[in-house]
Structures are given as structure tokens and as C-alpha cells.
Amino acid sequence: MMVDDAKIPWYSLHPRLLHLGKWTWWLIACAAVLYFFYTCSFKPLWQIGWRTHLYCREQFDPVESATGKKFRGGDWVTSRKILVYGAPGVKAREVRKAADGMRSIVDELHLNLSVQMVSTPPDAARSIAAATTNKGKIAARFDQNKFIARRLDERGMMFAEMVVVDAHFADPEWAFGLADFPSGVAVLQKSVTTPELGRHEGTHLLGYDRHDDFPYYVFGYPEGWYPAGRATLMMLRPMGSPQLSPRARDAVINFWRGLETKKRRYFK
Ligand SMILES: [Zn+2]
């Protein structure tokens with residue numbers, strides 16, 4: 001069929017009007033395929049990707065302490081220990097909410113990790129104070145990165161920790177909690193701490209470093225068609241349900257199965 005270029009409106013993106021060469025079309029096709037695999041996945045691919053740590057390589061990148069000491073990301077897992085405590089002044093019942101959430105996710109996944117609620121370690125109390133600014137008239141701001149860097153000097157990879165602080169985050173300011181598998185640190189804001197927040201940040205601490213709306217679709221799981229409308233535990237906000245989505249559960253379980261290949265047992 002002949003096409004009269006003059007009759008095609010410029011916005012139609014008609015291939016004839018674009019005058020692209022064969023190799024350009026190939027390039028566009030390859031880019032489209034890559035984009036598809038970046039934004040979507042399939043259940044078996046998803047599981048293998050988490051087991052081989054292909055989906056989360058950067059979780060094992062080195063982390064650096066305040067004095068420049070380097071640790072392999074995630075090395076705390078061999079300790080099998082997660083301590084939960086509050087900043088000085090945070091009541092035990094607030095800390096218990098976080099600990100309950102952390103413990104419930106560890107138990108649900110049958111992980112062989114101990115979750116212990118402890119009183120504030122003295123060095124941690126000093127680091128919390130050092131990472132907290134603007135105490136007084138303005139709402140206190142907590143610098144997560146500064147805290148992590150100092151904690152790596154203080155406790156190395158001896159354990160992971162979940163901390164409840166009485167301050168808003170410095171960056172991002174809107175966060176309720178922040179958790180980081182490589183350094184083994186999760187921090188929750190006291191005023192919004194619930195067992196559900198403990199479960200959410202706890203799942204991040206256990207290696208699931210994303211939310212349930214990306215990849216947009218993992219075919220093979222029953223999920224809502226609208227990614228931002230999914231009501232599962234691992235959504236950025238709001239937390240509509242305390243239930244782990246099947247995709248998140250499979251991701252964390254496979255992530256730890258992948259860790260087990262190094263001849264350690266992490267499941268009960
Ligand atoms: Zn999150």
C-alpha cells in the first residue's frame with residue numbers, strides 16, 4: 001500500500017514518516033524487550049532471580065564505617081541475631097511493638113534468627129544523639145546514614161538492629177521507617193511505630209529492598225492490575241494490610257535460600 005507522506009499528520013508516529021533505518025528499528029525492538037524485563041517478571045524468573053541474588057546484587061556491596069572500615073554487605077546474617085531497642089527515653093511498650101513486628105515476620109518465614117528486645121546499648125545511645133539534630137523548638141531530625149556509619153565502627157557485623165527513635169528522618173523527611181540489609185540497621189519513628197511498621201521495615205531488613213508495585217507485574221502471582229493500588233504489607237504507603245504479598249514472601253524466602261548455599265542453615 002502506498003502512503004502519501006504529506007497526508008500523514010506529524011504526530012502519528014507512522015513508520016514511513018520517521019524514516020528510520022533497519023538497525024534503528026532493531027535497536028528500538030531490543031530496548032523494548034529490555035524495558036519489558038526491567039518492569040515485569042515471571043514467577044519462576046522472579047524466584048531464581050532472588051535465589052541467585054541477581055535481583056539484589058547491591059545488597060552485598062561493601063559498606064563503610066565512619067572511620068573508613070569496610071564490611072561486606074549483609075555479613076551480620078551469620079550472627080543470626082537481631083536486637084531491638086529504643087533511643088533513650090522511648091518507652092518499652094513502643095519498642096515492644098517494633099519487636100513484635102520483627103519477630104512475627106521472622107517466625108512467619110521460619111527463619112532461624114533470634115529477635116531480642118534489649119535496653120539501649122550505651123554506644124548506640126551516643127550515636128543516636130550524634131545523628132539527631134535540631135532538638136528543641138524544631139522537630140528533631142535523625143540522620144540515618146550518620147547513625148549507620150557510626151554503628152559499623154561500634155558493633156561491626158556482630159548483629160543486626162531495629163531501633164525506635166523519637167525524631168523525624170532527615171532524608172527522606174516523610175519516611176516512617178528506614179531499613180538497610182547491607183548494614184543491618186532498621187530505624188522506626190516512635191510516633192508511628194506499630195507492629196505492622198515493624199513487619200514492613202523488618203522485611204526490608206531481611207533483604208527485600210523494594211515495594212510491591214515494582215516490577216509492575218510479576219506474572220504468575222495473583223495481584224491487582226493497578227500496581228499503586230495493591231494493598232499488601234510491602235507498599236510504600238499506606239499500609240492497607242499487614243499481609244506479605246506472595247511475591248514478597250517468595251523473594252525473601254529465595255533470598256535466604258540463596259544465602260544457605262554458603263553452607264549455613266538459616267531456616268528452621
Ligand atoms: Zn518500605
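No value in this document is a laboratory result; all are computed from the given coordinates. As the structure is a computational prediction, the values presented were derived from the model and not from experiment. No Cβ is skipped: glycine too gets one built from the backbone with ideal geometry, and neighbour counts run over all protein chains shown.
Below is a table of values for the structure above.
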quantity: When region 54-260 is reduced to its Cα atoms, the Kirkwood hydrodynamic radius in Å; calculated: 17.2
quantity: Region 1-127: C-alpha gyration tensor shape, a/c 1.5 cut-off, then a/b vs b/c; calculated: prolate
quantity: Top of Ser191, Ser12, Ser127 by mean-square fluctuation, Gaussian network on the chain, Cα under 10 Å; calculated: Ser12
quantity: FRET efficiency estimate (nearest 0.05) - Cβ-Cβ, His19 to Lys69, R0 41 angstrom; calculated: 0.10
quantity: Order of Lys91, Lys263, Lys43, Lys7 under a 10 Å beta carbon neighbour criterion, fewest first; calculated: Lys263, Lys7, Lys91, Lys43
quantity: The chain - share of DSSP beta bridges that are antiparallel (%, nearest 5); calculated: 30
quantity: Taking Thr120, Thr232 and counting other C-beta atoms within 10 Å, the order from fewest to most; calculated: Thr120, Thr232
quantity: 3J(HN,Hα) from dihedral phi, region 244-249, Karplus parametrisation 6.51/-1.76/1.60, rounded to Hz, x for glycine, proline; calculated: 5, 6, x, 5, 5, 4
quantity: Val84 long-range amide H proximity, modeled H, under 5 Å; calculated: Gln116, Met117, Val118, Met162
quantity: Integer Hz, Karplus 6.51/-1.76/1.60 couplings in order for region 202-212, x for Gly and Pro; calculated: x, 5, 4, 4, 7, x, 7, 8, 9, 10, 6
quantity: Under-5 Å amide H pairs with Tyr217, H placed in peptide plane, nonlocal only; calculated: Ser41
quantity: Karplus (6.51, -1.76, 1.60) ³J(HN,Hα), θ = phi - 60°, over region 80-96, in Hz, Gly and Pro reported as x; calculated: 6, 10, 10, 9, 10, 8, x, 5, x, x, 7, 5, 4, 5, 5, 5, 4
quantity: For region 154-258: rounded, prolate or oblate by the Cα gyration tensor [a/c cutoff 1.5]; calculated: oblate
quantity: Highest-fluctuation residue, Leu109, Leu236, Leu13 considered, GNM on the chain with Cα pairs under 10 Å; calculated: Leu13
